[in-house]
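Take a look at the structure set out below.
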Amino acid sequence: MGHEPRITMAKEVLRISLDKVVVDYDFRNDSDQDVTTEVAFPIPDYEFALEEVEPKSQGFDDFKLWIDGALTPCSVETRALVKGKDLTAALTALHVDVGSFAHVTVDHVFKDLERLSTSQRAQLTRTGLIDNDGVTAWTVRKKYYWRQTFPAHAIVHIRHEYTPVDGAENSIRYGLGPDPVKEETARIGSMCVEGPLRKTLVEIANSNDRDAVYFYVDFILTTANTWKGPIEDFTLIVERPHEKDVKANYVSFCWDAPVTKFDADHFEAYATNFVPKKELRVGFFEESKSSF
């Protein structure tokens, strides 16, 4: 959707955990006329993760939408990108599903690719859609969208939720240890690991008997800027994981204001008249005994 100057995002409550993203919005139409427009919710781009066991965990396929409390159907647009170039048409022409990575199975069999001819697979390899090992190599860009009517002088409540695709699963040793890898250090830096938490994680990364792996969840915030004015009332709630056999859990994300810990496992960031300038990445760190 483009800029919609007639509708205000009066409130947004964003809840993020490793297992679920839930967003509640209040949109207000202050005009004297009903406004009908397309509402689009883009999902952060994602790629096939070979180490994942469950293919459904990679596709945001459980996205659900409620309008004023009523479960509502929506449409989805899925694109395949290689180095930023849209190559969806090449896959569609061969009846290869983009969002499911060719209907990959738990055994990493790409069902849609299996039925292709040798020349067709070679064509996809040449364009970079699959690699030399026959693994899907495209990036998925997905958005959910629907037509929405905002009645004059009224508030519409929109809620959606989905299971996120977790980014990375790597030891912090590679980013914060004695021999750091530049890319890993930068990725951990994108979660604004600072102060006492950074000190703790560096100690873990340099120890012989402790280790921590990290994951992250991305969320696109800047689409809020397509509405009229800033988000009048914004709340971010981050939930610490509850994994078994984990010594400790930590969370970290970039925020330019105080973050409140309102119970043992929940952190809250709040802003009024909020204008997002960048996307959000929430890091989750799980400490355990070292496997090195």
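Restricted to the range 1-40, and to residues that are of a type in the set (Val, Ile, Thr) and buried (at least 20 other Cβ atoms within 10 Å of the Cβ), which residue is farthest from residue 215 (Cα to Cα)? So, considering only residues that are of a type in the set (Val, Ile, Thr) and buried (at least 20 other Cβ atoms within 10 Å of the Cβ), the one farthest from residue 215 (Cα to Cα) is 7.
When each of 152, 102 is tested for being closer than 30 Å to residue 12 by Cβ, part of a loop (DSSP other than H, G, I, E, B) and not basic (Lys, Arg), the lone residue that passes is 152.
Do the conditions hold for residue 136, that is, is it farther than 26 Å from residue 23 by Cα, of a type in the set (Ser, Thr, Tyr) and surrounded by 12 or more Cβ atoms within 10 Å (Cβ to Cβ)? Spelling it out, residue 136 is indeed farther than 26 Å from residue 23 by Cα, of a type in the set (Ser, Thr, Tyr) and surrounded by 12 or more Cβ atoms within 10 Å (Cβ to Cβ).
Among the residues of the range 105-125, those identified as over 22 Å from residue 83 (Cβ atoms) and outside any loop (DSSP other than H, G, I, E, B) are 111, 114, 118, 119.
Of the strands (runs of 3 or more DSSP E) contained entirely in the range 220-292, those carrying at least 3 residues that are farther than 30 Å from residue 29 by Cβ and within 16 Å of the chain's Cα centre (by Cα) fall at 248-253, 280-289. Would you mind stating whether residue 182 is over 26 Å from residue 16 (Cα atoms), among the charged types (D, E, K, R), surrounded by fewer than 18 Cβ atoms within 10 Å (Cβ to Cβ) and in contact (Cβ under 8 Å) with a residue 40 or more places away in the chain? Criteria not met by residue 182.
Here is a yes/no grid of residues against (1) surrounded by 14 or more Cβ atoms within 10 Å (Cβ to Cβ); (2) aromatic (Phe, Trp, Tyr):
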{"residue": "237", "(1), (2)": "yes, no"}
{"residue": "240", "(1), (2)": "yes, no"}
{"residue": "248", "(1), (2)": "no, no"}
{"residue": "261", "(1), (2)": "no, no"}
{"residue": "270", "(1), (2)": "yes, yes"}
{"residue": "277", "(1), (2)": "no, no"}
{"residue": "284", "(1), (2)": "yes, yes"}
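Across the range 41-91, the number of residues qualifying as modelled with pLDDT of 95 or more, assigned to a strand (DSSP E or B), surrounded by 15 or more Cβ atoms within 10 Å (Cβ to Cβ) and not β-branched (Val, Ile, Thr) comes to 4.
Against the definition (basic (Lys, Arg), assigned to a strand (DSSP E or B), under 23 Å from residue 16 (Cβ atoms) and at pLDDT 90 or above), how does residue 187 come out, yes or no? No, not satisfied. Taking first residues from the range 152-172 that are closer than 10 Å to residue 216 by Cβ and surrounded by 19 or more Cβ atoms within 10 Å (Cβ to Cβ) and partners that are at pLDDT 85 or above and among the polar types (S, T, N, Q), the Cβ contacts under 9 Å between residues at least 6 apart in sequence or on separate chains come to 164/17. State whether one or more residues within the range 195-216 are surrounded by fewer than 18 Cβ atoms within 10 Å (Cβ to Cβ), assigned to a strand (DSSP E or B), among the polar types (S, T, N, Q) and modelled with pLDDT of 90 or more. No: the range 195-216 contains no residue that is surrounded by fewer than 18 Cβ atoms within 10 Å (Cβ to Cβ), assigned to a strand (DSSP E or B), among the polar types (S, T, N, Q) and modelled with pLDDT of 90 or more. Can you say whether residue 122 is of a type in the set (A, V, I, L, M) and either surrounded by 15 or more Cβ atoms within 10 Å (Cβ to Cβ) or more than 26 Å from the chain's Cα centre (by Cα) (or both), as far as the supplied structure shows? Here the answer is yes, as residue 122 does meet what is asked.
The values are calculated or read from the model by the stated rules, or taken from the named source; none is laboratory data. This one's a predicted model, so the numbers in the text were calculated from it and none came from an experiment. Note: ideal-geometry Cβ built from the backbone for every residue, glycine included; neighbour counts use all protein chains shown.
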